[in-house]
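Written below as structure tokens is the structure these notes are about.
The values are calculated or read from the model by the stated rules, or taken from the named source; none is laboratory data. Source: prediction; values computed, not measured. Reconstructed Cβ throughout: ideal geometry from the backbone, glycine too, with neighbour counts over all protein chains shown. Accessible surface is based on the protein model in full, side chains and every heavy atom, while ligands, DNA and RNA are left aside. Shrake-Rupley method; radii C 1.70, N 1.55, O 1.52, S 1.80 Å.
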Amino acid sequence: QVQLVESGGGLVQPGGSLRLSCATSRSIFRLYAMGWYRQGPGKQREWVATISSVGNRKYVDSVKGRFAISRDNFKNTVYLQMNSLKPEDTAVYYCRADRGAEGYWGQGTQVTVSS
């Protein structure tokens, strides 16, 4: 059974920073593109960022310049560094592993941006 284990969510003030982590098995990590999605209150789940197995990065426009996705190939972990956080970034953040038609979700971690 594929597991993606997220951590790092929490409550932060506007303008603050958080780093999310998502760990999985090596067999998944070395072959799959890893990404982050989020679902805000009353909203549909949306894609946030992806990093390919070879390190190519893509971001949704609303987070460009503020968020950075990275992967540690020794720890089999993908990170989402979130800076200059805004209240509209409040959401449950989900990690996802993708390879063609195959995909797996993490359980989600809550990020709340509020003063």
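Key figures
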| read-out | value |
| --- | --- |
| Residue list for segment 1-27, filter: under 11 Å from the mean Cα position of the chain (by Cα) and not hydrophobic (A, V, I, L, M, F, W, C) | Glu6, Ser7, Gly8, Gly9, Arg19, Ser21 |
| Residues satisfying the stated conditions in segment 40-80, i.e. touching a Ser or Thr at 6+ places or on another chain (Cβ under 7 Å), among the polar types (S, T, N, Q) and not in a loop (DSSP other than H, G, I, E, B) | Thr77 |
| Candidate set from segment 70-115 (those that are over 14 Å from Gly8 (Cβ atoms) and small (Gly, Ala, Ser)); member that is surrounded by the fewest Cβ atoms within 10 Å (Cβ to Cβ) | Ala101 |
| Hits in segment 51-69 (condition: farther than 15 Å from Met82 by Cβ and either modelled with pLDDT under 95 or surrounded by 14 or more Cβ atoms within 10 Å (Cβ to Cβ) (or both)) | Ser52, Ser53, Val54, Gly55, Lys58 |
| Subset tally (residues that are under 18 Å from Ser62 (Cα atoms), among the hydrophobic types (A, V, I, L, M, F, W, C) and assigned to a loop (DSSP other than H, G, I, E, B)) for segment 82-115 | 1 |
| Test: residue in segment 25-32 that is open to solvent by 60 Å² or more (accessible area, probe 1.4 Å) and either at pLDDT 95 or above or not in a loop (DSSP other than H, G, I, E, B) (or both) | yes |
| Yes/no for Pro41 being surrounded by fewer than 16 Cβ atoms within 10 Å (Cβ to Cβ), at pLDDT below 95, out of contact with any Gly (no Cβ under 6 Å at 6 or more places or on another chain) and farther than 28 Å from Gln1 by Cβ | yes |
| Any pair with Cβ under 9 angstrom, 6 or more apart, that starts in segment 35-49 at a residue that is without any contact (Cβ under 8 Å) to a residue 40 or more places away in the chain and ends at one that is among the charged types (D, E, K, R) and not in a loop (DSSP other than H, G, I, E, B) | Glu46/Arg38; Trp47/Arg38; Trp47/Lys58; Trp47/Arg96; Ala49/Arg57; Ala49/Lys58 |
